[in-house]
Every structure is written in C-alpha cells, then in structure tokens.
C-alpha cells in the first residue's frame, strides 16, 4: 500500500511538471498563453476556448482534461453570458461574441486563433451612466471597456453595437477621456477585486463607468457621487 501511494505521488508530480513545461513552451509561440500563463498552469488547463473578437470580454473557457468534443460553445456561452448579461447586453450581442469564437489551445496544440498571434487588451463588460448637468434624468447603456493593455496606455470603450465611443489615454496619475457623446474630460481609475470604476464630469455631463457590476450598483454609486 505504501509503495503504491508513493508511486502515485511521484506520477502526479511528474504530470504537473509536464503540464507546466508544456505551457511554458507554448508561451513562446502564443500571445494568449503568454498573457494567461500563470492561470493556465495553476488550473492545469490543456485546452482553452475564447472569442475571436478583440472587443469581446476577455473571458475564456478552459478544461483540465483531454477534450474530444468539438462542441464546447455551450460552456463558453455560460461564462461570457454571466458577464455581458449583468451589464445589460442583448442576447444578440452575447451571441455575436459566442459565435465568433474558437479553440485557442486544444489538448496542448495551438489552433488558428487571432489571440495566439496577438492579444493586447483586457476587456470587461460594464455600464456607462451619465446625466446632462441641470437635468434630472439619468441614462445608461452597456459597454465593453478595455481596462488593461499589454502594449500601450490607450484604452477604448465600445457600445452594444461594438462601435468605439470613447478613448482613454493614461497620463499617469490621471486619465484623459474623450467620448463622442460627452466630449473630453479628466478622470481616474479605481480598482477593487478586478472591477474598475471611472468617475468624472465636465462642463456639460456627469459620467461614471463601472465594469463587472450590476445596474443597481451603478445607479447607487451615481446618486451617491452626483446626487439626485
């Protein structure tokens, strides 16, 4: 019994080492693996599946066991649905990100996926809430916001039709924000448990942007910040 337990432990450690080494090797060939290397190794992933669109949420499905089925969209849909639906995206928008998807890695093999060639942004679903100064009505709509970049300090925000509506330049310690609807203003990011918050105003509008939060959270924060 003791010998069997020792042998099992040795085999387990050998398998973990092989997984880490394989992912380390793939990281030299794939931008996606390089960016998510620690998470992939920690979860002992052998396959990963993600959207092919750079503006869709940086959410990926993974498996720690060999996958034989080509139909993993349902599992990926569940992961991406949770984030986009919370922000208020339509089923059509969610479907767009799901249908434009595919394996990035399949059983340790790199697949023909754009994220293997280049993955320069981390994108999260969020809510943009605003009010014109002097008015009582608060308006909002779901957005996809780049919250981190691997190459430069310029971020973009997209609406529910995947059209760019804002650009954000990080001029540490502040942000220069320019939106097609609201004009230009200065702001700061705050971060908590992987969620980002941007609060600002200019001469015409009061604006907040929150990622991975509910509409009720956004509205309470807006009223707490700007009143009304």
In degrees rounded to 10, the 0-90 angle between helix 73-87 Cα long axis and the longest Cα principal axis of the chain is 20 degrees
Between the modelled labels at residue 100 and residue 191 (7 Å from Cα along Cα→Cβ) the distance in nm is 2.6 nm
Length-normalised contact order of the stretch 99-190, Cα under 8 Å, at least 6 apart, in percent, tallies to 15 percent
If the chain between residue 169 and residue 42 were fully extended at 0.36 nm per residue, the gain over the current Cα-Cα distance would be 42.4 nm
Dividing the helical contributions, -39500 (n - 2.57) per DSSP H run of n ≥ 4, by the residues of the chain yields a 222 nm value, nearest 500 deg cm²/dmol, of -10000 deg cm²/dmol
Relative contact order in percent for the chain (Cα pairs under 8 Å, 6+ apart) equals 16 percent
Between residue 161 and residue 73, the two model label points (7 Å from Cα along the beta-carbon direction) sit apart by a distance in nm of 2.5 nm
In whole angstrom, the spacing between the Cα centers of the stretch 182-224 and the stretch 64-121 equals 28 Å
Rounded to the nearest 10 degrees, the helix 215-226 long axis (Cα) sits at an angle to the longest Cα principal axis of the chain of 40 degrees
Per its Cα gyration tensor (rounded if a/c is under 1.5, else prolate when a/b beats b/c, else oblate), the stretch 85-189 is best filed as oblate
Here, residue 215 and residue 149, labelled 7 Å along Cα→Cβ, have an inter-label distance in nm of 3.2 nm
Taking R0 as 22 Å and r as the Cβ-Cβ distance between residue 178 and residue 223, the FRET efficiency 1/(1 + (r/R0)^6), rounded to the nearest 0.05, comes to 0.30
Rounded to the nearest 10, the angle in degrees between the Cα long axis of helix 2-27 and the longest principal axis of the Cα atoms of the chain comes to 50 degrees
At q = 0.12 1/Å the base-10 log of I(q)/I(0) from the Debye formula over the alpha-carbon atoms of the chain is -0.72
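Quick note: the coordinates plus some simple rules give every number you see, no bench work behind them. All values reported here derive from a predicted model rather than from experimental measurement. With ideal geometry, Cβ positions are generated from the backbone for all residues, glycine too; neighbour counts draw on all protein chains shown.
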